[in-house]
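Heads up: the structure comes next, in structure tokens.
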Amino acid sequence: MGRLDTGRILVTLAVIMFACLAYVPTILREGDIVFALTDVYLYETMINGLLLGGVLALLSLGLNLIFGVIDVVWICYAEVVMLGMYAIFYCHTVFGLPLIPSMMIGIALTAVLGYAIHYLVIRHLVNAQPINQLLATGGLLFFFQSAATLAFGIEFRNLGVSLGSFALIQDIYVSWARLAAFATAAVCVFALYLFLTRSYMGTAIRAISQDREIMTLMGVQQGRMYLMTSAIGGGLAGLAACLLVLQYDVHPFVGLSFGPIAFMICVLGGLGNMVGGFIAAFIFSELIALGGYHFDIEWGYVFAFVFFIVMMFVRPEGLLGKRS
């Protein structure tokens, strides 16, 4: 009963905070409640914030999968996304390949990179202390950044492709790129759910994430499952790169723009809980969007970070995480 009450309190507080952030600044600024409730641009911001959540959810999906199965957090995950963005950029602009094949190459590259990271680094640290795992993947983060700087320079590069936007209704415009990201994230969550629940490989992955020792005794090859999971997680990083490269410039430090917030989304949702990460992504995106609308975009991130810190005090295991 206590846990149920805590959940209700958190939902109530989240709704109150969202309503306050959405309407109170306009009411105070304009002195008109009706204007605040009918502000078209406010609702446009809410819709675009919802679509931004699709990008953030897709970013956190692979990271959550890897942690949920292997129990190792890849601090370098955003840098894998960065390398996928570079692969797409060079295939399309330098080698002249069409965009879709370039994206497929980017996904394949990050999947192979995810496999290689586990085989060369992570598999030696599966049973190590968490601090050793964090240090190793943190070292990979700086290695990938440095390697990208040496190979590509520090220039900001743009794919030069814009999907534009469309009018949902009068004066409310929606970005096609963000809509594609939202739809892709939803499809990926559903497809991953089907894979994990309906296929033999997915069932084995779920089983070994719940009890490594027992499943090993039953003949499931732990190392093979981990390599497969890392490859899938890497492929999801490449899929995120396909959508991010349409919206952001490519440079060696682009991972710093979304890496920390992707990690916080995973923690807020409950590490390893993909549904929780999906919900947390939309909470973060709306806080960022509304804060940016009423104040500055930096204030949006401040609100998101404050909410994250408060939640870590109230529910440190995450929104849908299991209590230890």
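In this structure, does residue 227 turn out to be part of a helix (DSSP H, G or I), in contact with a His (Cβ under 8 Å, 6 or more places away or on another chain) and either more than 20 Å from residue 69 (Cβ to Cβ) or not aromatic (Phe, Trp, Tyr) (or both)?
yes
Can you name the number of the only condition in (1) within 30 Å of residue 38 (Cβ to Cβ); (2) loosely packed, with under 14 Cβ neighbours inside 10 Å; (3) among the aliphatic types (A, V, I, L, M) that residue 161 fails?
For residue 161, the exception is condition (1).
Which one of these does residue 302 not meet: (1) part of a helix (DSSP H, G or I); (2) over 28 Å from residue 104 (Cα atoms); (3) touching a residue at least 12 places away in the same chain (Cβ under 8 Å); (4) among the hydrophobic types (A, V, I, L, M, F, W, C)?
All conditions pass for residue 302, except number (3).
Out of all the residues in the stretch 49-81, which are touching a Phe, Trp or Tyr at 6+ places or on another chain (Cβ under 7 Å) and more than 22 Å from residue 125 (Cβ to Cβ)?
Within the stretch 49-81, 50, 51, 53, 54, 56, 57, 59 meet the criteria.
Can you run down the residue pairs with Cβ atoms below 8 Å, 6 or more apart or on separate chains, where the first is in the stretch 114-134 and hydrophobic (A, V, I, L, M, F, W, C) and the partner is surrounded by fewer than 17 Cβ atoms within 10 Å (Cβ to Cβ)?
Taking only residues 6 or more apart or on different chains, the pairs are 125/132; 126/71.
What are the residues in the stretch 6-39 that are of a type in the set (Ser, Thr, Tyr) and either at pLDDT below 80 or within 18 Å of residue 266 (Cα to Cα) (or both), if any?
6, 12, 26, 38
Here is a yes/no grid of residues against (1) surrounded by 21 or more Cβ atoms within 10 Å (Cβ to Cβ); (2) within 23 Å of the chain's Cα centre (by Cα); (3) at pLDDT 90 or above; (4) outside any helix (DSSP H, G or I):
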| position | (1), (2), (3), (4) |
| --- | --- |
| 41 | no, no, no, no |
| 57 | yes, yes, no, no |
| 79 | yes, yes, yes, no |
| 83 | yes, yes, yes, no |
| 103 | yes, yes, yes, no |
| 112 | no, yes, yes, no |
| 128 | no, no, no, yes |
| 142 | no, yes, yes, no |
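Name the residue, out of 278, 258, 253, 263, that is outside any helix (DSSP H, G or I) and within 30 Å of residue 121 (Cα to Cα). Lay out the reasoning, then the answer.
Values: 278 fails: outside any helix (DSSP H, G or I); 258 fails: outside any helix (DSSP H, G or I); 263 fails: outside any helix (DSSP H, G or I).
Matching residue, one of 278, 258, 253, 263: 253.
So for the stretch 153-169 (the condition being in contact with an Asp or Glu (Cβ under 6 Å, 6 or more places away or on another chain), closer than 20 Å to residue 241 by Cβ and not in a helix (DSSP H, G or I)), does at least one residue qualify?
Yes - at least one qualifying residue is present in the stretch 153-169.
For the stretch 198-213, what are the residues that are assigned to a helix (DSSP H, G or I), modelled with pLDDT under 80 and out of contact with any Leu (no Cβ under 6 Å at 6 or more places or on another chain)?
200, 201, 203, 204, 205, 207, 208, 209, 210, 212, 213
The values are calculated or read from the model by the stated rules, or taken from the named source; none is laboratory data. All values derive from a computational prediction rather than experimental measurement. We place every Cβ from the backbone using ideal geometry, glycine too, and count neighbours over all the protein chains shown.
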